[in-house]
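Since the structure comes first, as structure tokens, the remarks are kept for the end.
Values in this text are rule-based calculations from the coordinates and carry no lab data. All values reported here derive from a predicted model rather than from experimental measurement. As a convention, Cβ positions derive from the backbone with ideal geometry for all residues, glycine included, and neighbour counts pool all protein chains shown.
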Amino acid sequence: MSSYFSKYKLALGLSISLLSAGAAANHSWNNYHWARTANPVNLQVIDSVTPDWQQQLNDTLSEWSSSNVLNLAITSADDSSRTRKRCPAVTGQIRVCNAAYGNNGWLGLATIGLDSNGHIDQGTSKMNDSYSSYWQDPAEKNHVMCQEVGHVFGLGHTSEDGSSQGTCMDYSSDPNSQWPNQHDYQMLSDIYSHLDSYNSYDDGSSSGGGTCHGKKCKMRGNIPMGVRVHSDSRHETWVASRPDGGLWIHHVLLVPQDGSHQH
């Protein structure tokens, strides 16, 4: 219990420090990253999106793979209604989903699982079809998809005041903010500049996430939201403990309160 609260306080403190940085040059999300013994990180992506989101997913993975530290590939697909609604996490991989999650106040939800060493070892990105009016513009879909996937690599926002930095990681409605920019790629290079002693992603070997296969790797039921550690008009951050000593961290993209299509 004490270990969890220590990690909870750390997550809370880091969230506050990141938010106070505003539109600073560093937009790492608390320095969260996947553990790896070499670059690039060859992340397996589970495709759980419907055909009307397929192009956005394909383009998002292609754009992020332009980074010199990431190599993303769809290795399996399950777009059944039940799977998309649950969007279960899988150890060592990321899953991207869309579904009508309800009029619950959020457009997108990015979740990362942290192992007991604080490294990302799984992630999910959800797009909420219940707010269909936001998805009429393809640029809106590109922006949100790109941003929610960007969070599972350990990236935060470049701005949270509606200003544009020409990247999907800002909160603007600028048509030029649909995809990563060079600053995002440099930020990823900085985050992943040091190597680790193991791989937390599924590399298919016995030395990392690849040791976990099949149903035992999936999160049973819904991932708990836990405790809200930050809330403002644009996003929320939630933290929950995991039985293995790790944490779940949720980044919630809220529906703009003024009705504008800003991310």
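Structure above, values below:
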{"item": "Dipole axis of the range 100-210 (+1 Lys, Arg; -1 Asp, Glu on Cβ), positive-most option in HIS119, SER172, TYR134", "result": "TYR134"}
{"item": "Evaluated over the range 79-204, the Cα radius of gyration and Dmax, each in Å", "result": "15.5, 46"}
{"item": "Sorted peptide list for 149-158, 175-184, criterion being average Cβ within 10 angstrom, highest first", "result": "149-158, 175-184"}
{"item": "Around GLU148: net Lys/Arg minus Asp/Glu count, Cβ-Cβ under 12 Å", "result": "+3"}
{"item": "Cβ-based net charge around GLU63, under 14 Å, with every Lys or Arg adding one and every Asp or Glu removing one", "result": "-2"}
